[in-house]
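All remarks here apply to the structure that follows.
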Amino acid sequence: MDAQIENAIEVAWNPSSSQELKGQAFEYLNQLRVDPQAWQVCIGLFTRSPPASEVVRLVSLEIINNAVHSEALDAASLVYLKQSLLEYIGRTYTSNTQSQVDPAHLQNKLTQTLTYLFVFLYREHWSSFVQDFYAIAQNDNLPGVILYLRILSSIHDEIADLMLSRQEQEAKRNSDLKDLIRERDMARIATSWTDILSRYSNQHDGVVEMTLKIIGKWVSWIDISLVINQQMLGLLLPLVGRSNASGGEDKVRDIAVDTFTEIVSKKMKASDKIEMINFLQLREIITELLASPPLNEWKGTSQYDTDLAEVVAKLVNAVMSDIVRVLEDGKVDNDTRAKAEQLLQYFLPSLLRLFSDEYDEVCSTVIPSLTDLLTFLRKVGTLPATYAEMLPPILNAIVLKMRYDETSNWGLEDEQTDEAEFLELRKRLQILQKSVAAVDENLCIEFMSNLVGNMFSTLQQQGSQMDWRDLDLALHEMYLFGELALPNMGLAAKSQPNPVAAERLALMMSKMVDSGIANYAHPAILLQYMEICVRYHSFFESHQNYIPRVLENFVRLVHHEHVRVRTRSWYLFLRFVKTLRAQVGNVAKTVIESISDLLPIKAEVPSNDADDDMSSDESDHSADAVFNGQLYLFEAVGCVSATSATPVADQALYARSVMEPLFSDMSVHLERAKAGDAQAILQIHHIIMALGTLANGFADTPLGHTKARAQPAQEISAEFTRASEAILIALNQLNSSDEIRAACRSAFSRLLGVLGSAVLPQLPQWIEGLLSRSSSKDEMAMFLRLLEQIVYNFKGEISNILDLLLTPLLQRVFGGLSEPINGTDDEIQLQELRREYVSFVQVIFMNDLGGVLVSAANQGNFESLVSSIFSVAKNLNHGNLVASRIAFNVLSRMITQWGGPDIITPGENPVATGPPSPTIPGFEQFMLSQFHGVCWDVLQDGGFRPSSDATSRQILNEIAGIQQAIWMKTADLYINHVQNQLGQDSNDFLRTLTTTTTGRKPLVDWFLALLKGRK
């Protein structure tokens, strides 16, 4: 059988074997994995002499491992396996002849097998496990030492690695094994570490590295005294202090430092932790390491050892976090606290040195402990002098770390990744700076004020010779200064700004505008300048004399040669004029003339290989991104044209001057677009978007805004009516294009703000265009949402238009509601259409326009309308409950609108005042037969659960209201109808309904009890 197994393995891993043979071999090997006897053959294949091929031995061990790990072997079999492997190891690993030893990958697999055997045999059948393998590691037997260390490392990974999630039974087994190791062999293992380090420290770095890593792993769950002693310290300190004359990497030294980090990170009592830090001489170790040539003399050179800096940073981070944790512990004794405070003073300079390291990876390593320290200081309250003295150097280090380093080249294509990483680090540093401000706000105000003030002084002296990095840092800090100077900013949100900070900010802004920094050549500075002007726009509201100068700078910068400055400035220019439109004055003519060269639209159809995965808008310079930036310019033109300081006639003139070229361009491209030219279609799409965006700039208050909207001036409305007509022509000609319909829908929503009631005569055309046969349910839903806004804003003028357009509108919607569903997306769109449809009908009733639903022009759709509302009301599927609630509310409003006056009111003995008198003849019977029935259909639906779902509870409340309303309008007709429907069961319901004088709640409770009783 062993020959058969060996042959199968060879065939399976032979590249020249046929696929058919490979398949047969793998199938055979898979059968072996579940064969309870296969492991015996495989142990022979692995241990035999002369040895089989490496692949045969590796697969044989894999089969053995599977058998052991799956607990397929009994105790006797495991002992047999143990003896076989010990005999093999005795032959192979007791000689210093490396040629006989298994290669690394086989050693790894053998170590795994031995680890599994340890787990199952150590308690009863192999208590000498550690002794046996430590014995092999004696007498300078290097292969034996390496195997022993591999096994120790593997045992930790198997039973003590906290990164692995384990089943409860396995976790208990591992815990018991760790206890057993501590009892039997831990002292022996610790002795073996000191023995191996003593023997190999100057002979074999590989062995030393393995030993140090194992100590670092095991120290978290063993008695710390086995590692923290003079003998071990005497072995570790020389390794930490090793010097490398060549300046190259020293892995042993780095791992030795990591070992100290693992030791110091071990959980223990606060007093013991402080004592351990002192005993390990960590202050001296770290000071010496930071003063060593790799981290001191070679700083700023290519020889600087970043790996060493990172491991030292990890050690300092661990020490500082532990010290802060001790100080935060309110139960520590005064002596321990005093020692911890002294250590804090000792280690802070080292932390700040590493925090300030030129390599951001090193800086990032110590940010957690610095965050812990600042959080602790924030909790202290009034700081004692020793703590207060720490803040200035901390703040200084944070701010200086925000500076671009000397090797940075801003904006270069090949350095975008480095820049993105630096900006991400800046965000983390900003949080630290906020933390300092939360501890001592006045310190931050003074520091940042001085920094910015000194920058402007230096700029005045040096001009364009000043380093852009210093300017960028100061402007960045000025941008962050708003955290202190503006309300509701910073870590502690305040309703009122700090008055000192607000005064300093105003002074900074004045200096910035007066400094002429907008003429500085570096693009990063220009971007910062514009961002700051937009962020602190409120400054210009009280210092309007600066607006013309800043506006002039913006108009110049929108033409900047650097693409990032140019495209970002378009957006910032819009933000600036939009927030200050009441203060910018009559500058439209100048602005339009200055930026007119940027307004021509040139649509480019993206190529198939265009990169769609841009990292950010700032790095996207595609034609589409440029056009999106142009839209900001069109809106900005609208904002500056429609200021209160600009005469209405001039506003109309400016609108015309911008739109005329767009109209001409549209007419040029329309024929080509009708013929299917992709570029022409995209060009018209862009023109329509530009017209809508321009209108959005002119509109002072967006449609639907809670503030009362003024009717637009007739001259403005007339100009944009032309735009609307042009768009409707394009929509009519290119209705089959999804992109054109989307652009028209967007433009329509924005034109409403400047058209006013002039839009009403055009509504039928908009409906015809936007609700075509090509329109999706999603498009219909969005358009209905727009119509809701129109009804709300023009309810006094829309009645006649609504009467005219309602029938074609409803027919389109009914068509969309009845379309078959294909997939989840279609179902979601249908739910949205249902919701918007019933919302639209609801808005009609809410604005006293219900009469149009039953007018002579729309009577033919009445039954279809009510039937569709019933259909939505009864649909209780997931995602449709909100629509159902609105539909029931619509039914309630129909009853109020057409059911006539109430003829009876609840009470002890209610008496009708007369017969029903609905406004629509026969509507009382319609309410009883249809409205009442749909309510009980829902109540009988098994999926209706108002006791556990809030929306369903709202539906139940609407149903209760409908029952009350029908009874109050029909009186005895309703009583007789219910008695005929429910018989004797109706008595309790009718008693609750007719006697309730406290609203709907008693009836809702009755329904809930009814539904609960049916379960």
- Query: Can you tell me which residues in segment 60-113 are of a type in the set (Gly, Ala, Ser) and either open to solvent by 20 Å² or more (accessible area, probe 1.4 Å) or in a loop (DSSP other than H, G, I, E, B) (or both)?
  - Reply: Ser70, Ala72, Ala75, Ala76, Ser77, Ser84, Gly90, Ser95, Ser99, Ala104
- Task: Go through (1) in a loop (DSSP other than H, G, I, E, B); (2) open to solvent by less than 60 Å² (accessible area, probe 1.4 Å); (3) closer than 18 Å to Lys267 by Cα one by one and return the number of the condition Tyr304 breaks.
- Result: (3)
- Message: I'd like to know if segment 571-585 contains one or more residues that are free of Cβ contacts under 8 Å to residues at least 40 places away in the same chain, surrounded by 17 or more Cβ atoms within 10 Å (Cβ to Cβ) and within 27 Å of Phe663 (Cβ to Cβ).
- Response: no
- Leading residue by the ranking (farthest from Pro103 (Cα to Cα)) among those in segment 119-152 that are surrounded by 18 or more Cβ atoms within 10 Å (Cβ to Cβ) and of a type in the set (Ser, Thr, Tyr): Tyr122
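Do we have any residue at all in segment 880-896 that's in contact with a Leu (Cβ under 8 Å, 6 or more places away or on another chain) and within 21 Å of Val934 (Cα to Cα)?
So far as segment 880-896 goes, yes, one or more of its residues are in contact with a Leu (Cβ under 8 Å, 6 or more places away or on another chain) and within 21 Å of Val934 (Cα to Cα).
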- Looking across segment 198-246 at residues that are of a type in the set (D, E, K, R) and open to solvent by 50 Å² or more (accessible area, probe 1.4 Å), the single one that is modelled with the lowest pLDDT is Arg242
- Task: Filter segment 265-279 down to the residues that are over 17 Å from Asn229 (Cα atoms) and part of a helix (DSSP H, G or I), then identify the one that is most open to solvent (accessible area, probe 1.4 Å).
- Result: Ser271
- Which one is farthest from Gly816 (Cα to Cα) among residues in segment 878-887 that are of a type outside the set (A, V, I, L, M) and touching a residue at least 24 places away in the same chain (Cβ under 8 Å)? Arg885
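Given the criterion closer than 19 Å to Ile869 by Cα and of a type in the set (Asp, Glu), identify the matching residue among Glu908, Glu924.
Glu924
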- In segment 421-469, residues that are more than 34 Å from the chain's Cα centre (by Cα) and not in a helix (DSSP H, G or I) total 2
- Yes/no for Gly942 being surrounded by fewer than 18 Cβ atoms within 10 Å (Cβ to Cβ) and either more than 54 Å from the chain's Cα centre (by Cα) or part of a loop (DSSP other than H, G, I, E, B) (or both): yes
- Residue that is farthest from Leu295 (Cα to Cα), among those in segment 334-361 that are part of a helix (DSSP H, G or I) and of a type in the set (Ser, Thr, Tyr): Thr336
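Each row is one residue, and each column tells you yes or no for (1) surrounded by fewer than 18 Cβ atoms within 10 Å (Cβ to Cβ); (2) in a helix (DSSP H, G or I).
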site	(1), (2)
Ala883	no, yes
Asn889	no, yes
Ser892	no, yes
Ile904	no, no
Val911	yes, no
Asn957	no, yes
- Counting only residues that are farther than 24 Å from Thr896 by Cβ and open to solvent by less than 40 Å² (accessible area, probe 1.4 Å), segment 798-813 contains a total of 2
- Expected output for segment 987-1015 (first residue within 17 Å of Gln954 (Cα to Cα) and without any contact (Cβ under 8 Å) to a residue 12 or more places away in the chain, partner in a loop (DSSP other than H, G, I, E, B) and hydroxyl-bearing (Ser, Thr, Tyr), Cβ below 6 Å, 6+ apart or cross-chain) is Pro1002/Thr996
- Task: Give the residue that is farthest from Ile224 (Cα to Cα), with candidates limited to residues of segment 148-207 that are of a type in the set (Ser, Thr, Tyr) and free of Cβ contacts under 8 Å to residues at least 12 places away in the same chain.
- Result: Ser165
- Item | Selection within segment 407-422 - at pLDDT below 85, closer than 15 Å to Tyr359 by Cβ and open to solvent by 60 Å² or more (accessible area, probe 1.4 Å) | Thr407, Asp418
- Item | Single condition Thr191 does not satisfy, out of (1) of a type in the set (S, T, N, Q); (2) in a helix (DSSP H, G or I); (3) under 49 Å from the mean Cα position of the chain (by Cα) | (3)
- Can you tell me which residue in segment 1-58 is nearest to the chain's Cα centre (by Cα), limited to those that are assigned to a loop (DSSP other than H, G, I, E, B), at pLDDT 85 or above and among the hydrophobic types (A, V, I, L, M, F, W, C)? Trp13
- Residues (of a type in the set (D, E, K, R) and open to solvent by less than 30 Å² (accessible area, probe 1.4 Å)) located in segment 834-881: Glu836
- Message: Can you confirm whether Asp322 is open to solvent by 20 Å² or more (accessible area, probe 1.4 Å), in contact with a helix residue (DSSP H, G or I) (Cβ under 9 Å, 6 or more places away or on another chain) and either of a type in the set (D, E, K, R) or more than 29 Å from Ser243 (Cα to Cα) (or both)?
- Response: no
- Would you confirm whether any residue within segment 381-397 is within 23 Å of Met448 (Cβ to Cβ) and either acidic (Asp, Glu) or touching a Lys or Arg at 6+ places or on another chain (Cβ under 8 Å) (or both)? yes
- Message: Just the residues that are open to solvent by 10 Å² or more (accessible area, probe 1.4 Å), touching a residue at least 60 places away in the same chain (Cβ under 8 Å) and under 39 Å from the mean Cα position of the chain (by Cα), please, taken from segment 332-366.
- Response: Ser350, Arg353, Asp360, Ser364
- Task: Please specify each residue of segment 965-989 satisfying the condition of being crowded, with 16+ Cβ neighbours inside 10 Å, part of a helix (DSSP H, G or I) and over 54 Å from the mean Cα position of the chain (by Cα).
- Result: Lys969, Thr970, Leu973, Tyr974, Ile975, His977, Val978, Ser986
- Note on the structure: Counted residues in segment 432-457 being more than 17 Å from Met390 (Cα to Cα) and open to solvent by 40 Å² or more (accessible area, probe 1.4 Å) come to 4
- Name the pairs whose Cβ atoms lie under 6 Å apart, with the first residue in segment 797-826 and more than 21 Å from Gln859 (Cα to Cα), the second at pLDDT below 90 and aromatic (Phe, Trp, Tyr), and 6 or more positions between them or separate chains? none
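The values are calculated or read from the model by the stated rules, or taken from the named source; none is laboratory data. Remember, predicted model here, so these are calculated numbers, not experimental data. Cβ atoms come from the backbone with ideal geometry, glycine included; neighbour counts cover every protein chain shown. Calculation scope for accessible area: heavy atoms of the full protein, side chains included, ligands and nucleic acids excluded. Shrake-Rupley method; radii C 1.70, N 1.55, O 1.52, S 1.80 Å.
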